[in-house]
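K.L.:
The structure's right below; bear with me while I get my questions together.
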Amino acid sequence: DAQEATTTSTIPTTPATTKKASPALLHRLINAPPPTAISAHGSTLTLSTGATILDACGGAAVSILGHGHPEIIAAGCAQLSTLPYCHTGAYTTDAAESLAAILIEDGKRFGLAKALFVGSGSEAMDAAMKLARQFWYEVGDEGVRERKTRWVARKQGYHGVTLGAMGLSSNLPRKVPYAPLQIPGVSFVGPAYAYQYQRAGEDEEGYVARLRGELEEEFERLGGGKEVIAFVGEPVVGATSGCTPAPRGYWKMVREVCDAFDVLLILDEVMCGCGRTGTFFAFEQEGIVPDIVTLGKGLGAGYAPIAGVLISERVLQGLMMGAGSFNHFQTYQLHPLTCAIALEVQKVLRRNRLVERCNEMGKLLENDLYGALAEAKYVGNIRGRGLLWGIEFVKDKSTKEPFDPKVEIGARVQKKAFEMGVAIYPGVATIDGIKGDHVLLAPPYTITKEELRQAVDVTRMAVLAIE
Ligand code: PLP
């Protein structure tokens with residue numbers, strides 16, 4: 001129970017404070033500040049009430065190394081004391097160069113050639129969009145420049161909050177008030193979300209074939225692909241549908257169709273990249289390579305706000321056909337501090353073989369989740385890869401009938417689990433009348449076996465409590 005969860009924690013205790021949240025801060029729920037976090041160590045957060053929370057979702061699938069990692073802290077401090085900032089349009093730094101080098105050294109196997117670093121996943125997606133558009137601008141004639149202006153993305157995808165990234169997303173609750181600002185030219189095809197969309201009597205191959213038909217039809221409609229800059233998708237969807245890996249062969253199909261219609265493929269690995277699914281890039285498990293891939297969250301592991309855009313040799317060569325510039329500069333792009341921290345994260349991942357560990361711990365989590373929850377009344381589906389797992393709730397398992405739209409089971413389970421000292425990540429999205437109601441688990445790759453068991457135990461108790 002909650003007491004046990006907190007007392008078995010190995011973190012040093014931090015004195016409780018009773019300081020109230022300031023009314024000046026604009027919160028997500030404007031007048032309802034969330035609990036105050038005051039410190040963190042390993043996989044555990046301490047709140048101002050003195051309560052400790054086992055963070056089984058790594059914040060928003062960010063914290064891949066846990067908190068208080070001495071090597072990351074040392075790297076950050078060293079960078080702060082030598083070169084905290086310089087104008088990164090005017091100067092380069094060892095931190096940014098080395099971070100790009102370590103990622104591209106690995107990424108070369110997949111045809112990746114250069115990396116750019118910005119401050120968030122949303123910004124990375126906007127930069128990726130501009131790079132893709134510029135590619136066609138540089139390689140194409142006037143006709144291509146005029147026509148290649150559209151995007152094809154997926155229902156149930158989430159790519160961020162900036163106007164570009166939001167435009168590619170179909171997370172409706174995050175879009176409604178801003179719909180008139182929506183960038184033009186985005187169309188959405190069906191997601192690769194077998195639990196809800198694969199039809200009765202249709203096997204995986206048949207489902208993928210149907211999605212191929214839909215994608216080809218959409219490209220045909222858009223000038224036979226001549227109007228489409230890129231297809232955009234998350235190899236494993238994170239936030240909107242609650243961790244949905246695609247059916248086998250789906251991404252190979254998408255790559256083939258993009259190639260056949262001369263459309264770029266942008267993969268958003270902001271959540272599922274950096275080892276989260278058990279390989280550094282999630283696309284490695286699909287046997288394909290993208291033209292552009294974005295990374296975020298785990299890149300800075302929560303120690304620094306940093307995200308990345310990696311472009312392929314083909315995109316690079318295309319860009320080089322122009323003036324040899326990418327006119328996209330943000331003040332904090334390539335920031336030395338965030339790059340130094342992300343570089344150390346990469347070194348720690350490699351030195352401690354943590355992507356491999358993520359894979360191994362993922363198997364344990366898979367096993368435990370099925371054992372604990374497969375029989376639960378409202379658990380319709382459990383799916384995931386590596387240390388990214390989703391549990392989807394339905395009212396009726398046999399028909400997949402959802403709960404009433406106003407009833408958010410994921411949020412209820414999250415609340416119960418939090419009361420018992422474990423943080424998990426809820427989400428709900430209703431698209432095409434299909435209500436995805438879920439919680440996500442995405443713990444640090446450094447989580448211990450005991451902590452993982454505790455996370456599953458508490459999740460199970462929270463799920464049973466709502467039955
Ligand atoms: N892309 C994906 C797949 C995400 O999950 C997110 C954030 O959750 C983003 C992009 C946006 O990243 P950020 O919140 O860092 O702007």
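The values are calculated or read from the model by the stated rules, or taken from the named source; none is laboratory data. These figures come from a predicted structure and were not determined experimentally. Cβ sites come from the backbone with ideal geometry, for glycine too, and all protein chains shown count toward neighbours.
K.L.:
Only one of (1) in contact with a strand residue (DSSP E or B) (Cβ under 7 Å, 6 or more places away or on another chain); (2) part of a helix (DSSP H, G or I) is not met by GLN333, so which one is it?
P.N.:
So GLN333 meets the others, but not (2).
K.L.:
Would you say SER122 is surrounded by 14 or more Cβ atoms within 10 Å (Cβ to Cβ) and part of a helix (DSSP H, G or I)? Full working, then the answer.
P.N.:
Working: surrounded by 14 or more Cβ atoms within 10 Å (Cβ to Cβ): yes; part of a helix (DSSP H, G or I): yes.
Judged against the criteria, SER122 is a match.
K.L.:
Residues THR244, THR162: which one is among the polar types (S, T, N, Q), modelled with pLDDT of 95 or more and surrounded by 15 or more Cβ atoms within 10 Å (Cβ to Cβ)? Walk me through it before giving the result.
P.N.:
Values: THR244 fails: modelled with pLDDT of 95 or more.
The unique qualifying residue is THR162.
K.L.:
Within region 205-228, can one find any residue that is in a loop (DSSP other than H, G, I, E, B) and modelled with pLDDT under 95?
P.N.:
No: region 205-228 contains no residue that is in a loop (DSSP other than H, G, I, E, B) and modelled with pLDDT under 95.
K.L.:
What number goes with the only condition from (1) more than 16 Å from the ligand (Cβ to nearest atom); (2) part of a loop (DSSP other than H, G, I, E, B); (3) of a type in the set (A, V, I, L, M); (4) touching a residue at least 12 places away in the same chain (Cβ under 8 Å) that LEU316 does not pass?
P.N.:
Only one criterion in (1) more than 16 Å from the ligand (Cβ to nearest atom); (2) part of a loop (DSSP other than H, G, I, E, B); (3) of a type in the set (A, V, I, L, M); (4) touching a residue at least 12 places away in the same chain (Cβ under 8 Å) is unmet by LEU316, namely (2).
K.L.:
Tally the residues that are surrounded by 24 or more Cβ atoms within 10 Å (Cβ to Cβ) and in contact with a Lys or Arg (Cβ under 6 Å, 6 or more places away or on another chain), restricting the search to region 441-467.
P.N.:
1
K.L.:
Could you look through region 229-261, keep only residues that are among the aliphatic types (A, V, I, L, M) and farther than 25 Å from GLY296 by Cα, and pick out the one that is nearest to the chain's Cα centre (by Cα)?
P.N.:
Going through region 229-261, the residues among the aliphatic types (A, V, I, L, M) turn out to be 229-230, 232, 236-237, 239, 246, 253-254, 257, 260.
Among the residues that remain, those that are also farther than 25 Å from GLY296 by Cα are: 253, 257, 260.
Working: MET253: 22, VAL257: 24, ALA260: 28 Å.
Out of the qualifying residues, it is MET253.
K.L.:
Among the residues of region 277-294, is there at least one that is buried (at least 24 other Cβ atoms within 10 Å of the Cβ), within 16 Å of the ligand (Cβ to nearest atom), modelled with pLDDT of 95 or more and of a type in the set (D, E, K, R)?
P.N.:
No, that holds for no residue.
K.L.:
Something else: Considering region 261-280 alone, what residues qualify as being in a loop (DSSP other than H, G, I, E, B) and under 15 Å from LYS148 (Cα atoms)?
P.N.:
ASP262, VAL263
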